[in-house]
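Participant: Before I ask anything, here is the structure I am working with.
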Amino acid sequence: MKKTAVSLLALLLNIVCNAQNFDVIPLGIYGGEQEDNLSAYLVGAPKDNAFLCLDAGTVNAGIRKAIELKSLEGSAETVLKDQIKGYFVSHGHLDHLSGLIINSPADSKKDIFAIAPVIQILQNHYFITDTWINFADQGQKPILGKYHYNELKEGTEIPAPKTPFFITGYELSHVAPYKSSAALVRKDDHYLLYLGDTGADRIEKSDRLDHLWNTIAPLVKKRQLNTILIEVSFPNSQPEHLLFGHLTPNLLTEELSKLKEKTGQSSLEGLSIVVTHRKPTGDNPELIKKELLKNNPLKVNYIFPEQGKKISLP
């Protein structure tokens, strides 16, 4: 009888831990060149059409692809205006925000979430008359006020209005001293972590990833955080002095090994790692995939996103 009860409890815990909590729909997956397929990921709750867009390199082309694959419902206009409720912008490079800028005239009122240096870049370089027009609610006049800036302060959680999500920002180093950022997204007691472009701490001479690993380690151990979206831009053949603030498969393994030291091996096994921002040059995407799958000592679950194809996550 006791064995039956223990087995039942284990089954229930397994169901709870593996329940679906997030849908991720990639609007764009690459880290350059293909302007119709650049970094942008919709995150939503299952059976809900209220999305937070994590970076926005490609928007319209990705929406149309997702509709074609039946990952999204409705017209491209409806998805843009009504279903995307806000944007997290990790840093100021065009492959992470050009879709937001170019689609702003057709968009509806919504929120932008970013750390202070990224908001300053948007205010000073993009939403200005010389390059576009100011669709936000701060910065150069005339101010159209379509987008509301929400400054993310280190470790402080704020709600993402009209979604079931809360978001916390963390600084990353992307060719120090230039700052990128990560978003820790919470729904109820479950978390998803999205990182913008980042170099390894060893290369960047930084402690930003170590700080982030310290923050999320307890969530990983409790199985509250089961998914990390993180970049791998170059294959292992890329010289370290030519990484320009990016990761290779070996450097990702190096960083995840540091996370393992804080969580233990068993907690990391099966963790879903969605590999973002592969540079599309030549056969780089396939080479990166092969190198990650060939050398996976931590036994994580690598996921290689495809534009428009929904990923259901615990």
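Participant: Could you please give the count of residues in the stretch 284-307 that are within 20 Å of P26 (Cβ to Cβ), of a type outside the set (V, I, T) and not in a helix (DSSP H, G or I)?
Facilitator: Residues in the stretch 284-307 being within 20 Å of P26 (Cβ to Cβ), of a type outside the set (V, I, T) and not in a helix (DSSP H, G or I): 6 in total.
Participant: Take the conditions surrounded by fewer than 19 Cβ atoms within 10 Å (Cβ to Cβ), under 17 Å from Y30 (Cβ atoms), in contact with a strand residue (DSSP E or B) (Cβ under 9 Å, 6 or more places away or on another chain) and of a type in the set (V, I, T) and apply them to I311. Does it pass? Show your work before the answer.
Facilitator: On the way: surrounded by fewer than 19 Cβ atoms within 10 Å (Cβ to Cβ): no; under 17 Å from Y30 (Cβ atoms): yes; in contact with a strand residue (DSSP E or B) (Cβ under 9 Å, 6 or more places away or on another chain): yes; of a type in the set (V, I, T): yes.
Criteria not met by I311.
Participant: Among the residues of the stretch 103-137, write down those that are open to solvent by 40 Å² or more (accessible area, probe 1.4 Å) and over 21 Å from S181 (Cβ atoms).
Facilitator: Result: P105, A106, K109, T129, D130, T131, W132, I133.
Participant: Would you point out which residue out of K179, K141 is among the charged types (D, E, K, R), farther than 30 Å from Q20 by Cα and in contact (Cβ under 8 Å) with a residue 24 or more places away in the chain?
Facilitator: Numbers: K141 fails: in contact (Cβ under 8 Å) with a residue 24 or more places away in the chain.
Selected residue: K179, the only one of K179, K141 that is among the charged types (D, E, K, R), farther than 30 Å from Q20 by Cα and in contact (Cβ under 8 Å) with a residue 24 or more places away in the chain.
Participant: Which residues, counting only those in the stretch 191-211, are surrounded by 17 or more Cβ atoms within 10 Å (Cβ to Cβ), touching a helix residue (DSSP H, G or I) at 6+ places or on another chain (Cβ under 9 Å) and not in a loop (DSSP other than H, G, I, E, B)?
Facilitator: Within the stretch 191-211, the first condition is being surrounded by 17 or more Cβ atoms within 10 Å (Cβ to Cβ), and the residues that meet it are 191-201, 203-204, 206, 208-209.
Now narrow it down to the ones that are touching a helix residue (DSSP H, G or I) at 6+ places or on another chain (Cβ under 9 Å): 191, 193, 195-201, 203, 208-209.
Across the stretch 191-211, the qualifying residues are Y191, L193, L195, D201, I203, R208, L209.
Participant: May I pose another question? Check the stretch 272-286 and report whether any residue there is over 20 Å from the mean Cα position of the chain (by Cα), under 19 Å from D197 (Cβ atoms) and of a type in the set (D, E).
Facilitator: Checked against the condition, which is being over 20 Å from the mean Cα position of the chain (by Cα), under 19 Å from D197 (Cβ atoms) and of a type in the set (D, E), the stretch 272-286 yields no hits at all.
Participant: Need pairs with beta-carbon distance below 7 Å; first residue without any contact (Cβ under 8 Å) to a residue 60 or more places away in the chain and within the stretch 115-132, second surrounded by 14 or more Cβ atoms within 10 Å (Cβ to Cβ) and in a helix (DSSP H, G or I); sequence gap 6+ or separate chains.
Facilitator: If the second residue must be surrounded by 14 or more Cβ atoms within 10 Å (Cβ to Cβ) and in a helix (DSSP H, G or I), the pairs left are Y126/I101; W132/I101; W132/Y126.
Participant: Moving on. Condition (residue is within 19 Å of the chain's Cα centre (by Cα), small (G, A, S) and open to solvent by 30 Å² or more (accessible area, probe 1.4 Å)) applied to the stretch 145-161: is it met by at least one residue? Working first, answer last.
Facilitator: Let us first name the residues in the stretch 145-161 that are within 19 Å of the chain's Cα centre (by Cα), namely 149-161.
When the remaining residues are screened for being small (G, A, S), the result is 155, 160.
Next cut, open to solvent by 30 Å² or more (accessible area, probe 1.4 Å) only: 155.
Yes, the conditions are met somewhere in the stretch 145-161.
Participant: Pull up the stretch 218-245, narrow it to residues that are in contact with a strand residue (DSSP E or B) (Cβ under 9 Å, 6 or more places away or on another chain) and among the small types (G, A, S), then point me to the one that is surrounded by the most Cβ atoms within 10 Å (Cβ to Cβ).
Facilitator: Filtering the stretch 218-245 for residues that are in contact with a strand residue (DSSP E or B) (Cβ under 9 Å, 6 or more places away or on another chain) and among the small types (G, A, S), the one surrounded by the most Cβ atoms within 10 Å (Cβ to Cβ) comes out as S233.
Participant: Among the residues of the stretch 73-80, are any among the hydroxyl-bearing types (S, T, Y), more than 18 Å from the chain's Cα centre (by Cα) and open to solvent by 10 Å² or more (accessible area, probe 1.4 Å)?
Facilitator: yes
Participant: Within the stretch 264-271, can one find any residue that is closer than 23 Å to I203 by Cβ and either of a type in the set (K, R) or in a helix (DSSP H, G or I) (or both)?
Facilitator: Looking for residues that are closer than 23 Å to I203 by Cβ and either of a type in the set (K, R) or in a helix (DSSP H, G or I) (or both), one finds at least one in the stretch 264-271, hence yes.
The values are calculated or read from the model by the stated rules, or taken from the named source; none is laboratory data. Quick caveat: nothing in here was measured; it's all calculated off a predicted structure. All Cβ positions, glycine included, derive from the backbone under ideal geometry; neighbour counts span all protein chains shown. Only protein heavy atoms, including side chains, enter the accessible area calculation; ligands, DNA and RNA are left aside. Shrake-Rupley method; radii C 1.70, N 1.55, O 1.52, S 1.80 Å.
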